[in-house]
Structures are given as structure tokens and as C-alpha cells.
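Structure first, commentary second.
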Amino acid sequence: MTSLLSPASSTLLTLVLYAFAGVAGMLGMILKNQTIRVVAATVATCGFILQTVILFMGFHAQTAGGLSLGAYLQMMAWFVMLCGLVLWIKIHQEIPLLFGALLSLVLFCFSARSLQLVVHVPGSLHAPFYALHIGALYISLALIAISFVAGLAFLYLDQRLKARKPLPHFLRDLPALNILDSINSTATLAGFPLFTTGIVCGLIYARPVYGATLTGDPKELISLVIWACFAVIFYGRVCRGWRGRKPARLMALVFVLSLFSIVGVNLFMNSHHAFTRI
Amino acid sequence: MDCDIVLVGLNYRTAAVDVRERFALVHQTDPENWALPLGGAVHEALILSTCNRVELLAMGTGDVRSQMLSAWAKARQASVQDLEPYTYTYHNDDAVRHLFSVASSLDSMVLGEPQILGQLKQAYRKAAASHATGVILNHLLHKAFSVAKRVRTETAVASSAVSISYAAVELAKRIFGTMNEHRAMLIGAGEMAELAATHLVQNGIAEILVSNRTYSKAEELARFYHGRAVPFEHLNSAFRDVDIVITSTGAPEAIIHAKDIRQVLKARRNRPMFFIDIAVPRDVDPDVNGLDNIYLYDIDDLKEVVEENRASRRGEAIKAEGIVEEEMVSFRDWLARLNVQPTIKQLVQIGQDTICDEVERTMRRLGSTDETLKEALECMGQALVKKFLHAPISYLKEGDSAEHSRHILTIQQVFNLDGHCQSRFAQSKHAESQEEDGLQFPAFSCSCTADRAESGEQAKENAGTQEADKASSCSKDKPCTCCQGTQEGLCHA
């Protein structure tokens with residue numbers, strides 16, 4: 001049992017479930033088989049439940065006071081799956097969850113190699129604000145990822161419809177444009193307040209920890225740029241009635257910037273948030 | 001004399017919508033403006049002009065195709081060179097097969113859609129009203145209608161009947177997902193619009209608005225679908241609450257423009273709109289498709305859905321094509337049998353004349369005027385001739401058209417019929433009353449009984465003269481064209 005719940009084995013099991021769900025989901029989409037898709041979504045849900053149980057059982061506590069890049073990526077995957085699951089329940093569309101399973105699979109593949117690279121979090125960072133900062137940003141990033149996938153699908157479908165070209169056989173079951181736009185919109189409307197909360201918490205927390213609200217850290221700068229873009233989309237959606245292509249494209253930009261923030265800054269740049277520095 | 005059935009046309013596969021607009025024969029199918037006058041090479045004609053195809057079907061001799069193309073181009077004030085590249089031509093069996101496929105909706109953009117049969121019937125009514133159809137096309141068209149019915153009942157090709165409007169609803173679902181939160185507007189209250197409304201209602205559309213230049217028509221249709229009529233002048237303001245617009249008017253130019261829709265989009269906060277323009281000429285300016293959140297499909301753009309349907313119904317279509325092939329062969333047989341009709345008629349006539357002559361002769365010999373006896377003799381004669389002619393008539397009907405020619409010649413030689421058999425098509429007017437399998441022996445009408453109320457002597461004298469004439473008409477010295485003198489004295493040519 002202990003070996004099953006070890007970080008490596010649990011990661012492997014979840015990875016297998018997500019891999020099965022992702023591959024079966026794609027197969028279900030290609031074959032236009034609803035049953036296969038539902039089975040795949042159910043397996044993905046099992047993977048999510050397993051990951052949740054493991055998180056709550058706190059196996060990461062084994063690396064007390066530590067934070068690994070692997071755990072960070074797995075948390076990201078968990079939030080992506082959470083969003084996919086919510087969409088499945090809410091709008092009865094399993095496709096976001098299946099895409100989420102594929103994305104989580106990729107994140108898990110990266111996480112498997114870096115679970116042991118534990119970086120100990122300083123005691124000064126143990127505070128509710130820090131948890132809120134991380135939690136809010138994680139959820140908002142997961143929403144950004146979901147809206148990116150929905151936005152890409154929207155742009156593709158929109159382009160095909162505008163050009164009056166038929167969809168490839170395996171994409172015939174793509175959700176309707178309105179549904180994709182609705183996913184994108186929901187992710188924006190929910191994600192922006194969360195992202196704002198995360199950023200504000202970080203800025204407030206930075207003063208006692210680093211001596212200044214803005215320290216010129218690359219992560220701070222890129223986060224503010226993302227926030228500004230996010231704010232524009234939020235404003236456009238709420239006040240200007242933006243729909244369709246424009247917000248989908250801008251959300252894709254936000255996702256690319258977020259990816260750069262997560263991978264580029266955290267791994268390769270000299271930052272408070274870099275795993276090499278924490 | 002050989003006659004051809006020729007079909008010249010263009011359709012959605014060979015010509016884009018603008019070309020079809022240019023060469024559409026809308027008013028030219030009306031009797032007063034009939035575009036394909038008979039005469040010259042064309043003996044019978046029919047014009048089918050729908051939004052997806054323009055086809056001219058004709059029966060005639062010689063260069064039928066050229067005459068059809070010239071008349072068509074002339075009707076549209078274009079040159080044959082402009083028209084010809086977009087057209088296809090089918091002859092005889094191929095033309096019949098194509099017509100049956102069209103009637104059965106196997107050649108339609110949306111496989112199995114039911115409208116084409118109605119349109120073909122309408123085209124036939126107009127051609128008949130223009131006195132442009134004759135025996136061949138009448139039979140061909142009726143056969144086409146029965147083939148279409150057979151295809152519908154014996155295959156599942158039209159089990160979930162699809163049409164342009166159905167394809168439109170499928171596309172609407174791809175944009176909006178479900179229909180129950182959306183409103184649709186139908187502009188134009190024709191058959192197509194009504195079908196669209198039916199599909200939308202079946203898919204749970206929240207409300208249907210109907211607009212028409214004739215407000216009463218809009219009201220009538222709106223009432224039928226529990227919808228709302230909108231005055232034609234208020235279209236743009238009504239667009240604010242409408243998500244799907246299906247236009248099917250007969251307007252000669254666009255009635256919906258991009259600049260108007262840009263304003264509408266602002267008012268509706270960019271909620272998407274879907275325009276289905278099934279009118280030819282188009283009702284919606286193509287620039288409208290360039291606007292964000294606006295999707296415009298004209299009749300050609302519906303090909304995508306059509307192809308999808310085609311693929312899923314391929315199996316049934318193969319079955320339906322089998323029926324078409326079978327019926328085409330049946331029509332060919334009928335046509336071939338039409339060729340033997342004059343010979344059969346001649347045979348029957350000879351039989352009748354023989355009965356008439358022999359009954360008269362017998363009555364004279366008996367010196368009787370008893371009508372009962374005469375009727376009994378006539379009945380007996382009828383029965384004998386009927387039995388006697390059964391074998392040669394069956395022989396004539398056997399085989400294909402090539403064999404028919406040989407059989408006709410044989411029978412004509414054996415029975416000494418008139419060698420100058422009239423063409424089947426010239427004779428066809430007379431054969432109109434005779435259905436393919438219903439060749440009837442005409443009711444006995446002996447012309448001699450009343451008109452030849454001659455005395456016995458006169459009759460004998462006349463008979464003698466006739467025999468002498470017959471004998472003298474063919475001899476070794478004066479051979480006839482029929483037996484060349486080989487049957488001297490027996491030949492009645």
C-alpha cells in the first residue's frame with residue numbers, strides 16, 4: 001500500500017489512466033463513437049479522483065516543507081482536469097475533459113522526471129496569503145488552458161464555417177460554435193477575478209517577504225502583462241459584448257504568455273519563483 | 001427513321017450559382033414564353049429549371065442538341081459558346097437514366113430530398129400546357145414519376161427526407177448547438193421556406209418570424225407555425241432578435257446588405273447570426289460573410305452537408321440506382337415495342353378486313369340477311385383471327401430493338417404487309433391509346449356492311465375484278481416490290 005501511494009507509483013498510475021483516457025477519447029472522436037468517449041471521460045474522472053485522493057492523503061508531506069517541480073506540474077494537471085470535469089457535468093460535453101486528459105498526460109510526463117527535485121519552501125512563505133496566491137493562480141491558469149483549447153477549437157470551426165469547408169470526419173462531433181464560445185467566455189469571466197486575486201495576494205505578500213510590492217522580478221512583470229491582456233478581454237466580454245474570434249485569439253495570447261511564465265520564468269530565469277531559487 | 005431522346009443541362013456540379021442564375025429559365029417555361037419551340041429537329045420538349053439545375057429534355061431527329069442549346073442561349077440572351085462549357089448532354093438510355101435519377105432525387109444536392117419531384121411535375125404541367133410534349137415524353141415523364149415513387153417506397157433513401165432546408169438546420173445546429181433558445185426568420189413564403197419552418201419546429205426552435213413582401217402571405221404562414229409575421233419594411237429591426245435567417249425570395253437583387261448587418265450586430269452585442277440564402281438570384285450580399293459572428297451560406301455552400309448525407313445513404317442509393325436501371329430497361333422495351341405498333345396494327349387490320357370480307361361472302365352465299373347469324377359469324381371470325389395472330393404478334397414483341405427491326409421485316413414479308421412502314425414516331429400519335437401491354441383488338445367495325453350493300457351479282461363481279469386486279473398486280477412480267485414475282489398470283493401487295 002505504501003509503495004502504491006509513493007509519489008512515483010501514484011504518478012505512474014494516474015499517468016496510465018490519463019493516457020488511456022486521452023487515447024480512447026481521441027479514438028472516440030475519430031470514430032464518432034459516443035460510448036467510447038464516455039468511457040474515456042469516465043476513466044479520466046477515475047484518474048482525477050485518484051489524483052485528488054493522493055493529494056488529500058498528503059504524500060507530498062513526505063517531502064516536508066518542500067515543493068517540487070513535479071508536484072507543481074501535477075497540481076496544474078489537477079486543476080485542468082477539474083475544469084474539464086466541471087464542463088462535462090455543466091454542459092454535457094466530454095470533449096474538454098478528454099483534451100484536458102491529454103494536456104494532463106503531457107504535464108504528468110514532465111512531472112515524473114522532476115518529482116524528486118524537491119526544493120524546500122522557506123518558513124517565511126508559510127501563510128494563508130501564499131496559499132491563496134498559489135491556489136487562485138493555479139485555478140485561473142487551468143481556466144486559461146481550458147479557454148485556450150475551446151478558443152482554438154472555436155477558431156478552427158469558425159474558419160471552416162466561414163470558408164464553407166467540411167470538417168474532417170473525426171472532428172464532426174466538435175461542440176457547436178456557441179458552446180465553444182460559451183466555454184471561452186465562462187473561463188474568462190471566472191478566470192480573471194481569480195487571476196486578479198492571485199496577483200493581488202502575491203503583491204501584498206511580496207512587501208513583508210521581499211521588502212517591496214514590486215521588486216522587478218520577471219515573474220511579476222510577465223504576470224502584470226498577462227493580467228492587462230486578461231483585463232482587456234474581460235472588459236470586452238462584459239462591457240463591449242465581445243464574442244467569437246477576437247476574445248478567442250486574445251485568450252490564446254494569454255495562454256502563450258502564461259506558458260512562458262510557467263515554463264520559461266520558473267525554469268530558466270532568475271526569479272523569486274524559479275525552482276532553482278525557492 | 002431514328003429518333004433520339006436528348007437531355008442537355010447544367011446543375012450544381014457543373015456550374016456555380018452565378019452561372020446557374022445567368023442561364024436559369026424561370027419565366028421561359030411558361031406557355032406564353034416557352035423557350036424551346038418545336039419544329040426542326042425537336043419534336044417534343046420539356047424544360048426543368050430549379051435553383052440547382054436547368055435541364056432541357058427533348059425528343060427529335062437530327063441535331064437536337066444544337067437546336068436545344070441555341071434556343072436556351074437565345075432565351076437568356078447569351079451565346080452558345082458561353083453556355084456550352086457548363087453543360088452536359090445525355091442521349092437515349094443515358095438521358096432516360098438521368099431523368100429517372102433526377103426524379104428519384106438521386107442526383108439532387110441533398111440525396112433523397114422530396115422537392116425535385118414536385119418541381120419536375122410542375123415542369124411537365126407547363127410543357128404539356130405549351131403543347132410541347134407528345135407520346136414519348138408523356139410516357140417518359142409518367143414513368144419517371146412512378147420510378148420516383150418506387151424508389152421512395154422500396155428503399156430508405158428518403159426515409160428521413162432531407163432537403164436544402166434540412167441541411168440548413170444541420171448547419172444551424174453546428175453554430176448554435178440547440179435550437180430552443182433561438183429565433184428564426186423566414187423571408188419569402190414559398191415551398192422551401194415552409195419546409196425550413198417545418199424542420200426548425202421539429203428541432204424545437206423558440207419562435208418563427210415570417211416576412212414577405214405580401215404581408216398576408218407572411219401572416220398566413222406565421223399563423224400556421226404559431227409564429228409572428230413581420231412587415232417586410234421592418235426587416236433590419238427584426239434582425240436584432242433573430243439568430244437564423246432563411247431567405248427564399250424571388251427578388252432580382254440582394255435585399256440584405258453588409259452595412260445594415262453591421263448595425264444590427266452592434267445592437268445585438270455581437271450575438272452570432274446565421275444566414276441561409278436559398279434564393280437564386282441571391283438575397284444576401286456575399287460581403288455579409290466577411291463580418292465577425294455572421295455566417296452566410298448560399299445554396300452552393302450546402303454541398304458540405306449534402307455530401308455528408310450522400311455518404312450515409314450510399315448503400316440505399318445503390319439499391320435505388322438498381323431500380324432506376326430496371327425501369328430504364330423497361331422504358332427502352334416500351335420504346336422498342338412502339339416501333340412494332342404500326343406492324344401490329346396492320347396485322348390486326350388485315351384480320352378485320354378478312355373477317356369482314358368472309359362474313360359478307362358467306363352471308364351472300366347463304367342468301368341470308370339474319371343479323372344473329374351474321375353476328376355469330378363475326379364473333380367466330382374474331383376468335384379465329386385473334387388466335388391466329390397471337391403467335392406473330394408475340395414474335396414481333398420479342399427481343400430488343402435490333403431484333404424488332406428484323407421481326408418487323410419478316411412479318412411484313414410473311415403477311416404481305418405494306419413495306420413502307422411509317423416511322424414509329426409519326427405513327428405514335430395513333431398509338432397513343434394503346435398502352436404498352438394493352439394492345440387491344442379494336443372492336444369489330446366492319447365498314448363493308450353498310451357501305452357495301454351491293455347485290456350478289458355486283459359483289460361477285462366486284463370480287464372477280466378484285467381477284468383479277470390482285471392477280472394482275474403481280475406477275476413474272478410485272479413483279480411487285482414485295483415478292484419480286486416469286487409468288488405470282490398470290491401476292492396481294
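The values are calculated or read from the model by the stated rules, or taken from the named source; none is laboratory data. Please read these numbers as outputs of a predicted model, since none were measured by experiment. Quick reminder, even Gly has a Cβ in these numbers, built from the backbone with ideal geometry, and neighbours come from all protein chains shown. Remember, those area values only see protein heavy atoms, side chains included, never the ligands or the DNA or RNA. Shrake-Rupley method; radii C 1.70, N 1.55, O 1.52, S 1.80 Å.
Here is how the numbers come out for the structure above:
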read-out: Total residues in the range B:263-279, condition open to solvent by 40 Å² or more (accessible area, probe 1.4 Å) and more than 9 Å from chain A (Cβ to nearest Cβ); value: 2
read-out: Only listed residue being away from chain B (no Cβ under 11 Å) and at positive phi, chosen from A:GLY244, A:GLY216; value: A:GLY216
read-out: Qualifying residue in the range B:327-336 (condition: in contact with a Cys (Cβ under 9 Å, 6 or more places away or on another chain) and β-branched (Val, Ile, Thr)); value: no
read-out: Among the residues listed as B:VAL42, B:VAL26, B:VAL80, the single one being open to solvent by 60 Å² or more (accessible area, probe 1.4 Å), of a type in the set (A, V, I, L, M) and without any contact (Cβ under 8 Å) to a residue 40 or more places away in the chain; value: B:VAL26
read-out: Residues of the range B:240-290 satisfying the condition of being among the aliphatic types (A, V, I, L, M) and under 23 Å from B:GLU181 (Cα atoms); value: B:VAL242, B:ILE244, B:VAL245, B:ILE246, B:ILE261, B:VAL264, B:LEU265, B:ALA267, B:MET273, B:ILE276
read-out: Checking A:SER182 against (1) within 14 Å of chain B (Cβ to nearest Cβ); (2) open to solvent by 30 Å² or more (accessible area, probe 1.4 Å); (3) more than 14 Å from A:LEU143 (Cβ to Cβ); (4) in a helix (DSSP H, G or I), the condition it does not meet; value: (3)
read-out: Index of the failed condition, A:LEU67 passing every other in (1) within 19 Å of the chain's Cα centre (by Cα); (2) modelled with pLDDT of 80 or more; value: (2)
read-out: Residue among A:LEU85, A:LEU161 that alone is open to solvent by less than 60 Å² (accessible area, probe 1.4 Å), modelled with pLDDT of 70 or more, over 24 Å from A:ARG37 (Cα atoms) and in a helix (DSSP H, G or I); value: A:LEU161
